[in-house]
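Worksheet: the structure to be examined is printed underneath.
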Amino acid sequence: MARAAVISAERVPWSQPPGHFEAYSKYLVDPDRTDSRHFDFRVSIYQPRGYAAVHRHEAAEQIYYILRGTALVTLDGEPHVLHPHDLVFIPPGVDHGISNSGFEDLVFIVVTSPPETGSRGDGA
């Protein structure tokens, strides 16, 4: 039986996954930290000019929800500018990348389902 969890974000260290530059995430819920089997949930912060290189997930869906800053999201080569309270849904098989195109830190939530094994090395 899965266990419930209460997590203090301040106690979770920032990680910089491979393929991410001036870009950090706090993995709050994922199979490495909790008993979650269906998704991972993280908060990411990208400094100005920070980015995640274009990549794709073969099985996972992702959602990015912008909290602060301006994001440039590329979906299959097409650029999109996102602002606070904008959201992007990325289905499996879509080439995508995200960068901070603004002048302040970009802060956003990332939800991935299903979580990928070793999720701290993949995704935004």
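Here, each number is a calculation from the coordinates, and none is a lab measurement. Because the structure is a prediction, the values reported are computed rather than measured. Cβ placement follows ideal geometry from the backbone for every residue including glycine, while neighbour counts extend to all protein chains displayed.
For Arg49, the shell of other residues with beta-carbons less than 14 Å away shows a net charge of -3, using +1 for Lys and Arg and -1 for Asp and Glu. Computing FRET efficiency as 1/(1 + (r/R0)^6) for Ala5 and Ala59, where r is the C-beta to C-beta distance and R0 is 30 Å, gives about 0.80. As a proxy for reagent exposure, Leu87, Leu106 were ordered by neighbouring Cβ count within 10 angstrom, fewest first; the result is Leu87, Leu106.
Directionally averaged projected area (the chain, Cα convex hull): 7.2 nm².
Taking 0.36 nm per residue of separation and subtracting the Cα-Cα distance, full extension of the segment from Arg33 to His85 would add 16.0 nm. The trypsin sites (Lys or Arg not before Pro) of the stretch 7-41 that DSSP puts in a loop, and whose beta carbon has at most 12 other beta carbons within 10 Å, are Arg37.
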